Amino acid sequence: MKTGNNDGNGLDDDKPQQAGDDCLESLTIKIRPDLYRAFHRCSWIIIHETGRSQLDIMQEMVEDFLIKHGC
């Protein structure tokens, strides 16, 4: 499905959705510009070093945050 919108979440919404994307929710956070750049730099490194998908990395980061805070 093409939406033609890019809400700044790091995903290219002009690309067709992958199988299983229909059950995903978007999460928007507001952070300082330096944290934004660091997040993208870190996730890019993880993606390229491991070959894992961007969605997989995002899922892991949110799960780690929730576990850390006992949620």
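Key figures for this structure:
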{"read-out": "Convex hull volume per residue for segment 29-68, taking Cα atoms only, in Å³", "value": "74 Å³"}
{"read-out": "Ranking of E63, E25, E49 by count of other Cβ atoms within 10 Å, fewest first", "value": "E25, E49, E63"}
{"read-out": "Cβ-based exposure ranking for T50, T28, in which fewest neighbours within 10 Å come first", "value": "T28, T50"}
{"read-out": "Using θ = phi - 60° and Karplus 6.51 cos²θ - 1.76 cosθ + 1.60, couplings along segment 60-68 (whole Hz; Gly, Pro as x)", "value": "4, 5, 5, 4, 4, 4, 5, 5, 4"}
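Where a number appears in this text, it was derived from the coordinates with a stated rule and is not lab data. The shown structure was predicted, so the numbers you read here are calculated from the model rather than taken from an experiment. Every residue, glycine among them, receives a Cβ derived from its backbone with ideal geometry; neighbour counts consider all protein chains shown.
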